[in-house]
Amino acid sequence: MQQIQLGNINIEVEHKDIKNIHLSVYPPNGVVRISAPNRVDLDNIRVFALNKLSWIKKQQETFKNHDRETPRDYLTKESHYFLGKRYLLKVVEHDQPPHIILNHSEIVLFVRPGTTTAKRKEIIDEWYRSELKSMLPKLISKWEKVIGVQSNEFGIKKMRTKWGTCNTEAKRIWLNLELAKKPVECIEFIIVHELVHLLERSHNDKFVSYMNEFMPKWRMYREELNRIPFSHIDWKY
């Protein structure tokens, strides 16, 4: 995978055994990719991209201004996601401490009468955090063995612009709380991405080579992350 830069727009370029150049702008944050025939060099690809620059910017602006997930009211029959599956929320009022039960098609939220929307959101977010926290140690350990690295700790927090980060000096990984809504393979993709940073800090060819080695289908999982609704989270690579 090669890259070209047009101002502040980074374009990923992949040569394939195809006849025509294909330009795509992907949600959620307008990642630009070009698939080009093997015979076409980067200079010609750059000229092609320059001619399409206004279209690229228009598509990116559309993604920027579009809410990928409608605001939640945390009411019965509202759709919510957990590990990539869509569930219907069922709110049950009772005079006991709040808790959540997950069944085959519903997330059942037990709350006290009069619980505000903000509090319902807080309860569900904490449930997401707890579920994610319980599954991450096993997944991180699995991939540390595959990659041959060792992280010191991990944390979960809300991030508006990244799925994960890695402090390479402290060997600390942070993962976005929103990942609790994604399929497990997408969570693993972010884990692998951050662990690979312990081998290579930059997103250069060496980094991509590591990703290809340890998780050959990582691009597919990245696309999956972009397809499932989420709230104002941009995948930055």
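When the range 196-230 is examined, which residues are found to be in a loop (DSSP other than H, G, I, E, B) and at pLDDT below 90?
The first filter runs over the range 196-230 and keeps only residues in a loop (DSSP other than H, G, I, E, B), leaving 197-204, 215-217, 228-230.
Arg201, Ser202, His203, Asn204, Ile228, Pro229, Phe230, listed by residue number.
Residues checked against (1) exposed (fewer than 12 other Cβ atoms within 10 Å of the Cβ); (2) assigned by TED's automatic domain parsing to the domain that holds Phe207; (3) within 22 Å of the chain's Cα centre (by Cα):
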residue	(1), (2), (3)
Arg33	no, no, yes
Val40	no, no, no
Ser54	yes, no, no
Gln60	no, no, yes
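Give the residue, chosen from Lys138, Lys119, that is out of contact with any strand residue (DSSP E or B) (no Cβ under 9 Å at 6 or more places or on another chain) and farther than 30 Å from Gly30 by Cα. Walk me through how you get there before you give the answer.
On the way: Lys119 fails: out of contact with any strand residue (DSSP E or B) (no Cβ under 9 Å at 6 or more places or on another chain).
Going through Lys138, Lys119 in turn, just one is out of contact with any strand residue (DSSP E or B) (no Cβ under 9 Å at 6 or more places or on another chain) and farther than 30 Å from Gly30 by Cα: Lys138.
Looking only at strands (runs of 3 or more DSSP E) that lie completely in the range 35-117, which have at least 2 residues being under 17 Å from Leu6 (Cβ atoms)? So that I can check it myself, show each step before the final result.
Details: elements: 79-82, 85-93, 99-102, 106-111.
Correct list: empty, since no element meets the threshold.
Can you find even one residue in the range 100-114 that is at pLDDT 95 or above, buried (at least 18 other Cβ atoms within 10 Å of the Cβ) and within 30 Å of Arg201 (Cα to Cα)?
Within the range 100-114 (the criterion being at pLDDT 95 or above, buried (at least 18 other Cβ atoms within 10 Å of the Cβ) and within 30 Å of Arg201 (Cα to Cα)), the answer is no, since none of the residues qualifies.
Condition first: of a type in the set (Phe, Trp, Tyr) and either part of a loop (DSSP other than H, G, I, E, B) or crowded, with 20+ Cβ neighbours inside 10 Å (or both). Now tell me which residues in the range 157-187 satisfy that. Explain how you work it out, then say what you get.
First pass over the range 157-187, keeping only residues of a type in the set (Phe, Trp, Tyr): 163, 174.
Answer for the range 157-187, where residues must be of a type in the set (Phe, Trp, Tyr) and either part of a loop (DSSP other than H, G, I, E, B) or crowded, with 20+ Cβ neighbours inside 10 Å (or both): just Trp163.
State which residue pairs qualify: first residue under 11 Å from Leu175 (Cβ atoms) and assigned by TED's automatic domain parsing to the domain that holds Asn167 and inside the range 189-202, second residue in a helix (DSSP H, G or I) and hydrophobic (A, V, I, L, M, F, W, C) in any location, beta carbons under 6 Å apart, and separation of 6 or more residues or different chains.
Qualifying pairs under 6 Å: Ile191/Leu139; Ile191/Ile140; Ile191/Trp143.
Does the range 128-141 include one or more residues that are surrounded by 13 or more Cβ atoms within 10 Å (Cβ to Cβ), within 30 Å of Glu93 (Cβ to Cβ) and either over 20 Å from the mean Cα position of the chain (by Cα) or at pLDDT below 95 (or both)?
No, the range 128-141 has no match at all.
For residues in the range 73-99 being within 19 Å of Glu178 (Cβ to Cβ) and of a type in the set (Asp, Glu), which is surrounded by the fewest Cβ atoms within 10 Å (Cβ to Cβ)?
Initial filter on the range 73-99 (within 19 Å of Glu178 (Cβ to Cβ)): 73-74, 78-87, 89.
The next check asks that each one be of a type in the set (Asp, Glu); those that pass are 73, 78.
Numbers: Asp73: 11, Glu78: 15.
Applying the filter and picking the extreme gives Asp73.
As an exercise: evaluate Pro137 against (1) free of Cβ contacts under 8 Å to residues at least 24 places away in the same chain; (2) in a loop (DSSP other than H, G, I, E, B); (3) assigned by TED's automatic domain parsing to the domain that holds Val196 and give the number of the one condition it does not meet.
The single condition Pro137 does not satisfy is (2).
The values are calculated or read from the model by the stated rules, or taken from the named source; none is laboratory data. Everything numeric here is computed off the predicted structure, so don't read it as measured data. We place every Cβ from the backbone using ideal geometry, glycine too, and count neighbours over all the protein chains shown.
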